[in-house]
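The values are calculated or read from the model by the stated rules, or taken from the named source; none is laboratory data. Since we're looking at a predicted model, the values are computed, not measured. Areas reflect the complete protein model, heavy atoms only, side chains present, ligands, DNA and RNA absent. Shrake-Rupley method; radii C 1.70, N 1.55, O 1.52, S 1.80 Å.
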Amino acid sequence: MRRAGALAAGPAALVLVLALAGCGAIPGSVTPVDETEFTNELAVPPLAPSRTVDGTRVFELTAQEGTTEFRPGVRTETWGFNGSYLGPTLRAERGERVAVEVTNELGEPTSVHWHGMHLPAAMDGGPHQEVEPGATWRPTWEIDQPAASLWYHPHPHGATEKHVYRGLAGMFLLDDDVSRAAALPQEYGVDDVPVIVQDKVFDDDGQLELSDDGSEPGTLGGTVLANGTVGAYHEVTTERVRLRLLNGSTARTYQLGFQDRDLELVATDGGLLDDPVTLEQVRLAPGERAEVVVELEPGETTRLHSFEADLGGVVVPFAMGGNDAFDVLELRAADELTPSPEPAWEPSVHAARDALHEDSAKVTRTFELDDRQINGRRMDMGRIDEVVTEGDTEIWEVRSTVPMPHSFHVHDVQFRILSVDGDAPPPELAGPKDTVYLEPNRTYRLLMRFDDYADPEVPYMFHCHMLLHEDEGMMGQFVVVGPGQEAGTPPDGHGDGHGDGHGDAHSDADSDDADAHAGHH
């Protein structure tokens, strides 16, 4: 994979772009997406097989090199889990204990972070749990959160952008009492379809390129993939189809919808909404997810479209993908469609325990994102930035002070957005979230609770999910401690893949010990 340049680096680039724009020298976009013919059937990631060992559902993932034929006759060097590009879909039920045996067959360290998952910090797969080449890491935990469309991806210190861009990512679907009984499309790969949206730059030889020229917010590619498929179509056989949308890009924000119909938003990052919400479009920054239900008539064709993205008050939206509009996926309805019910579901038996209450918040913290810093500091693996107490509900007030795209992701928890600049959030931001796009100079108040898993030494992360920004230091660390407990010292280095008790290679017994150390209730 080569690095490439498109714009001059740093603030000078913005000055140049603004000057050119003022003279009319720049068209509507400097990051356009190529038009394509929708002639390739959508690849649907297979459901990962698993085995049960002493009551634990065990999955296997192997990070490996390969080649992928995105265009006929052109072999592109890529990375994937259990294959050449992307990875299988893991699926588990609330209440199950799971383990994932992660083997690294790459030539450099990597990790696997379970994005959106509530689990011990030692199992989180962040930069402290890197897996060395040839090693196997075996995290294990109990699923204890609502049904949701989560995902997994690498999180190695300073190299996350590269590893995700090469192709290491996959979905992790959770089910519970609500999702199993819901009136929603349920047949995986047929009317319940994961759609991982990514953009790429290919050089003249068909190889992947990443820019390192200071362009913001990172590499914005001219080729858009859905589940690794260029020009993808999906044959629809039911009146309604459920799309589990994931922005798996490293930098581009999408504004997804249809030009000829509305969509029903049924779930956000962390699970189902209280009720379906009818929308024209839903904006997804890198790492964000949305489940939408689309209704079709027999014999018709429609396309999932990314409209010009509302990036808020960024200084040059046409240089940051804001003016780009393009089709992503074609849906082709059969001449006869199986009936589908109107989306509906009942509350979970866990609803009262899962609920977050603003009046329970004991602490309010503030986070300011500026350049590549959060609260004036760049990431330091040896520094704990925040200490939270197990069981506490907190409010985090987050604000980006620079006119460029940033987002905010918190590990371990799902939060609720209380307000944006003092106003109630729009319906598409009213559900459970773990990642949120930050429009510049607006304050987002996030409500979250830190249940379980006290560990004074092993930290979780909070960071911008524009992966270039994350790699360049826009990240911090927090630990969860028991009442009256003080923070310790983070593990030295990135983990060696050889069983240090903090998420590296170990046996089932070691995994249980690590859970006990993490304070699981």
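Points to keep in mind about this one:
- Translational diffusion of the range 103-148, µm² s⁻¹ [Kirkwood Rh, Cα pairs; Stokes-Einstein; 25 °C; 0.890 mPa s]: 213 µm²/s
- Sequence-distant contacts, meaning Cα pairs under 8 Å at least 6 residues apart, place the relative contact order of the chain at 17 percent.
- Percent RCO, i.e. relative contact order, over the range 286-381, from Cα pairs under 8 Å lying at least 6 residues apart: 23 percent
- For the range 213-316, the Kirkwood hydrodynamic radius comes to 15.1 Å, computed from all pairs of different C-alpha atoms.
- Under Karplus coefficients 6.51, -1.76 and 1.60, residue-wise ³J(HN,Hα) of the range 344-351 in Hz, glycine/proline x: 6, 7, 9, x, 6, 5, 9, 4
- Whole-number percent relative contact order across the range 158-292, with pairs defined as alpha carbons under 8 Å at least 6 apart: 23 percent
- Descending semi-axes in whole angstrom, ellipsoid equivalent of the range 229-284, from the Cα gyration tensor: 18, 17, 12
- The range 347-481, accessible surface, carbon-and-sulfur percent (1.4 angstrom probe): 45 percent
- Excluding same-chain neighbours fewer than eight residues apart, the lysines reachable from K362 by a Cα-Cα span under 25 Å are K433.
- Isotropically averaged projected area of the range 40-104, using the convex hull of Cα atoms (one quarter of hull area), nm²: 5.3 nm²
- Hull volume in cubic angstrom per residue (convex hull over the Cα atoms of the chain): 139 Å³
- Per residue, the chain exposes 36 Å² of solvent-accessible protein surface, assessed with a 1.4 angstrom probe and all protein chains in place.
- Alpha carbon convex hull of the range 278-389, volume per residue in cubic angstrom: 227 Å³
- Eligible lysines near K162 by straight Cα distance, threshold 21 Å, same-chain separation 8 or greater: K200
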